[in-house]
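A.B. asks: This is the structure I have questions about; it appears just below.
The values are calculated or read from the model by the stated rules, or taken from the named source; none is laboratory data. None of these values were measured; they are calculated from a predicted model. Cβ placement follows ideal geometry from the backbone for every residue including glycine, while neighbour counts extend to all protein chains displayed.
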Amino acid sequence: MRRYEVETRDFVAVIVDELLYTETDEWVRVENGKARIGITDYAQKMLKDIVGVELPEKGSRVKRGDSVAILESVKTVAEVYSPVTGTIVEVNERLLEEPELLNKDPYGDGWIFAVELSDPGELEDLMSHERYAEKIRK
Amino acid sequence: MAARSIPLEDLHRSIGASFGEFAGWKVPMSYTSTLEEHMAVRKDVGVFDISHMGRVAVKGPDALDLLEKIYTKKISKTKTGFLSGPTLALNTHARVKDDEMLYRISDDEWLLVPNAAAREAMIRHLKSVALQESYSVEVIDHTSDYSMLAIQGPRAIHVMEKLSKDAASLKPLEFQVNVTLGTARVFLVSRSGWTGEDGFEVWARHGDARKLLEELVSRYGVKPAGIAARDTLRIEAGFVLGGHEYGEDPTVFPCAVSLRYGLGAIDWSKKGYIGEPALRACRREGARWVRVGIVMKKKHARVIPRQGTKVVVEGIDVGWVTSGTFSPVIGRGVAQAYVDSRYALIGETIEVHVRGRLYEAKISEFPLVPLPSK
């Protein structure tokens, strides 16, 4: 896994290859039939100080584009959208007590949920790290 | 219209500020993290650049008469060399134009610090009342002449002891002019602030403010803190802000009595100021709304009731949140709200309506966290 620094308007954001990205600043890691999802370093730097998280229920069905989690930061509140259709098979309950993991380690311990994919074809609509870098670059 | 820059913007950028807009000014929002900056002020010491606030002088033989006509406190009781403590300027509906402190330089020379959003309106108001009453007084806007820094937190006094013995010996609300702080020569230093902590506020020419800020940060380890932390600190402390807890529109904001400002901001024995008849009428009728604190219950600790959130009791809307945030000190969502006086029972459980759900919270007295007593 390689990390790249991208200069955005207000700060330097880290992106990682091997991940796919959304227009709404989520990342997706594909793990044999499953998609693990979190928010990007750019997103956490925009939100700053995340102090609360509402997570989806394990076992619930989601469609691509559904709002599935809520991030409460000191500054504002943000929704996290599922980039794929399927069943939520894992949620990161550590975030309930340690929401700061989203700020400290957005691509690692700050993951939010994982979806078992109904339609792996949807992944083709996501962005590569190069395209995402273009989107957030100043 | 582009936001107005504060004079030391480049210095703030070099020490890591990210900027945002507030009341038409481009101001440092935060440097590292709002939570860290907040805790530095509560446990150690932080410094804010508050140059976006107004700095106005009122001078002339009738200066005191003008101020008595405008503010709800007996301004004549303020001693020379002291700040008045918070007081309110009202409109004729007894709604608040601004909350301010006044500095008595001498009998006929006063300074005041309007909030950024109210500065122009307050200058116009002061001038028009002076004209109407034929007062001999000058109102001078010094906002761009000085920068203003606030050094706040329990260690502020120890830092000040190193910079100036004289300034460190100031009593609460006392000020001195023409003081040397370390290598900076500053116009004014006062023992005051807006965080609920002990601290000092400084007016200085920009070059001296730059020297002072650099010295505070690099030599004394004072943490730069942004306006986002300033807001979370004032919410915990129970201090009010225009556009949130007060404003001039009587269809939006309750009468000033409902603020329960305390701190002697309103002196009921005082007569003859603008808004007094309406204020007494509100008091006679009894307050319909009461400003109270709200603290989320433990099981919903991380829910933040933000401005506009409804307050609910037994399914009835009984009030609305005016400011809300996450308190890093107690680890809960906290807020200020106006609640119908029949339901504004300190210590009782209410609910807040956040994203379509009701969450339990408690009505609490200010301050919402323990603060040092003055």
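Conditions tested, residue by residue: (1) under 23 Å from B:D99 (Cα atoms); (2) out of contact with any strand residue (DSSP E or B) (no Cβ under 6 Å at 6 or more places or on another chain).
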site: B:N178; (1), (2): no, yes
site: B:R191; (1), (2): yes, no
site: B:I235; (1), (2): yes, no
site: B:G238; (1), (2): yes, yes
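A.B. asks: Look at region B:311-358 and say how many of its residues are away from chain A (no Cβ under 14 Å), part of a strand (DSSP E or B) and over 23 Å from B:G247 (Cβ atoms).
C.D. replies: Within region B:311-358, residues that are away from chain A (no Cβ under 14 Å), part of a strand (DSSP E or B) and over 23 Å from B:G247 (Cβ atoms) number 7.
A.B. asks: Quick check on region A:59-73: of everything there that is buried (at least 18 other Cβ atoms within 10 Å of the Cβ) and touching a Phe, Trp or Tyr at 6+ places or on another chain (Cβ under 7 Å), which residue is farthest from A:G110 (Cα to Cα)?
C.D. replies: Applying the filter and picking the extreme gives A:V68.
A.B. asks: For residues that are over 24 Å from B:V159 (Cβ atoms) and surrounded by fewer than 17 Cβ atoms within 10 Å (Cβ to Cβ), scanning just region B:15-25, find the one that is farthest from the other protein chains (Cβ to nearest Cβ).
C.D. replies: B:G24
A.B. asks: Quick one: B:S51 ticks every box in (1) closer than 23 Å to B:A17 by Cα; (2) outside any loop (DSSP other than H, G, I, E, B) except a single one, so which number is it?
C.D. replies: The number of the failed condition is (2).
A.B. asks: What residue, of B:A228, B:A265, is hydrophobic (A, V, I, L, M, F, W, C) and part of a helix (DSSP H, G or I)?
C.D. replies: B:A228
Residues are listed down the side, and each one gets a yes or a no for (1) more than 25 Å from B:Q307 (Cβ to Cβ); (2) in contact with a helix residue (DSSP H, G or I) (Cβ under 6 Å, 6 or more places away or on another chain); (3) basic (K, R); (4) crowded, with 22+ Cβ neighbours inside 10 Å:
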residue: A:F11; (1), (2), (3), (4): yes, yes, no, no
residue: A:E18; (1), (2), (3), (4): yes, no, no, no
residue: A:M46; (1), (2), (3), (4): no, no, no, no
residue: A:E57; (1), (2), (3), (4): yes, no, no, no
residue: A:K75; (1), (2), (3), (4): no, no, yes, no
residue: A:G86; (1), (2), (3), (4): yes, no, no, no
residue: A:E98; (1), (2), (3), (4): yes, no, no, no
residue: A:D105; (1), (2), (3), (4): yes, no, no, no
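A.B. asks: Name the residue that is surrounded by the fewest Cβ atoms within 10 Å (Cβ to Cβ), counting only residues in region A:107-127 that are part of a loop (DSSP other than H, G, I, E, B) and under 14 Å from the mean Cα position of the chain (by Cα).
C.D. replies: A:G108
A.B. asks: If you don't mind, there's one more thing I want to ask. Can you find a residue that is within 14 Å of chain A (Cβ to nearest Cβ) and touching a His at 6+ places or on another chain (Cβ under 8 Å) anywhere in region B:289-297?
C.D. replies: Looking through region B:289-297, none of the residues is within 14 Å of chain A (Cβ to nearest Cβ) and touching a His at 6+ places or on another chain (Cβ under 8 Å).
A.B. asks: Taking into account only those residues within region A:56-95 that are among the polar types (S, T, N, Q) and away from chain B (no Cβ under 14 Å), which is nearest to A:R29 (Cα to Cα)?
C.D. replies: This residue is A:S82.
A.B. asks: Residues that are buried (at least 18 other Cβ atoms within 10 Å of the Cβ): list the strands (runs of 3 or more DSSP E) wholly contained in region B:85-189 that include at least 3 such residues.
C.D. replies: In region B:85-189, B:87-90, B:96-100, B:102-106, B:109-112, B:147-152, B:175-181 are the strands (runs of 3 or more DSSP E) which contain 3 or more residues that are buried (at least 18 other Cβ atoms within 10 Å of the Cβ).
A.B. asks: Pairs needed: first member in region A:1-16, basic (K, R); second member anywhere, surrounded by 14 or more Cβ atoms within 10 Å (Cβ to Cβ); C-beta distance under 8 Å; at least 6 residues apart or different chains.
C.D. replies: Cβ pairs passing all conditions: A:R2/A:V16; A:R3/A:V14; A:R3/A:I15; A:R3/A:V16.
A.B. asks: So, in region A:14-64, how many residues would count as being of a type in the set (F, W, Y) and either within 24 Å of B:V354 (Cα to Cα) or assigned to a strand (DSSP E or B) (or both)?
C.D. replies: Total satisfying the criteria: 2.
A.B. asks: What number of residues within region A:25-55 are more than 14 Å from chain B (Cβ to nearest Cβ), under 30 Å from B:A228 (Cα atoms) and among the charged types (D, E, K, R)?
C.D. replies: Result for region A:25-55: 3.
A.B. asks: When you check B:L181 against the structure, is it in contact with a Gly (Cβ under 7 Å, 6 or more places away or on another chain), touching a residue at least 24 places away in the same chain (Cβ under 8 Å) and farther than 18 Å from B:A57 by Cα, yes or no?
C.D. replies: When the stated conditions are applied, B:L181 does not pass them.
A.B. asks: Got a sec? Which of B:H38, B:H12 is assigned by TED's automatic domain parsing to the domain that holds B:H158, at pLDDT 95 or above and buried (at least 23 other Cβ atoms within 10 Å of the Cβ)?
C.D. replies: B:H38
A.B. asks: When residues of region A:8-19 are filtered for being out of contact with any Asp or Glu (no Cβ under 9 Å at 6 or more places or on another chain) and either within 14 Å of chain B (Cβ to nearest Cβ) or within 21 Å of A:E79 (Cα to Cα) (or both), how many remain?
C.D. replies: 5
A.B. asks: Still on this structure, I have one more. Against the condition on the phi < 0 side of the Ramachandran plot, in a loop (DSSP other than H, G, I, E, B) and surrounded by 22 or more Cβ atoms within 10 Å (Cβ to Cβ), how does B:Y220 come out, does it pass?
C.D. replies: no
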